[in-house]
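Every number here is computed from the coordinates shown, using simple stated rules; none is lab data. Since the structure is predicted, the reported quantities are computational estimates derived from the model, not experimental observations. When we count neighbours, we look across all protein chains shown, and the Cβ atoms used for this are built from the backbone with ideal geometry, even at glycine.
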Amino acid sequence: SWVPIVCLLGFVCASMMGLLSIPWTLTAELFPQNIRSIGHSLSFSAANILMFVAVQSYRPLLSLLGGPHAVQWFFAFFSILGFFFGLCFLPETHGKKLSEIEAYFEKKTPAKSRINASDVYSVTTVNKNEMEQMLKRIEVP
């Protein structure tokens, strides 16, 4: 009687550490600054709709696929597909600045050659002309 409860709790914990957290984590890094709020809202809505569809499709899939084990294998298959999709198509963003991530998606020159606003403030001895040149090179969204 306790095995299904432990399995259910294990599933919830594993999904929170796995694919379930991706829409909320990635949107903070992958959407450009100017569309981040709308992009995050749309991806959050899509994730909730897909979770609703997955929960509501369980009973029809039971009869269609022939039992609970087949439904679990069906969802496991799509989880594995999602893992390989993330492995192959999502870039690693750990330790990268937002400007580097945006440059990756814009297919521009590497962001390391650009000057960020933080670089301007970290310079202590600059004359007025150098400061104006640096400020002109800073990208404003």
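Brief remarks follow.
- Here the extension length gained between residue 89 and residue 34 equals 17.5 nm, from 0.36 nm per residue of separation less the Cα-Cα distance.
- The Cα center of the stretch 58-90 and the Cα center of the stretch 8-35 differ in position by 18 Å.
- Base-10 log of normalised Debye intensity for the stretch 49-94 (one unit scatterer per alpha-carbon) at q = 0.21, 0.23, 0.31, 0.33 Å⁻¹: -0.75, -0.83, -1.06, -1.10
- Neighbours of residue 30, meaning other residues whose beta-carbon lies under 13 angstrom from its beta-carbon, give a summed charge of -3 when Lys and Arg score +1 and Asp and Glu score -1.
- Extending 7 Å from Cα along the Cβ direction at residue 26 and again at residue 42 yields two label points whose distance is 1.5 nm.
- Remark: the stretch 26-36, residue by residue, has Karplus-estimated 3J(HN,Hα) of 6, 5, 5, 10, 8, 7, x, 4, 6, 10, 4 Hz, where x stands for each Gly or Pro and the curve is 6.51 cos²θ - 1.76 cosθ + 1.60 at θ = phi - 60°.
- Calculated FRET efficiency for the pair residue 105/residue 63, C-beta based, R₀ 35 Å, to 0.05: 0.20
- The stretch 80-90 - phi-based ³J(HN,Hα) in whole Hz, Karplus 6.51/-1.76/1.60, Gly and Pro as x: 5, 4, x, 4, 5, 4, x, 5, 8, 10, 9
- Local charge for residue 101 was computed over the other residues whose Cβ lies under 11 Å away, with Lys and Arg +1 and Asp and Glu -1, and equals -3.
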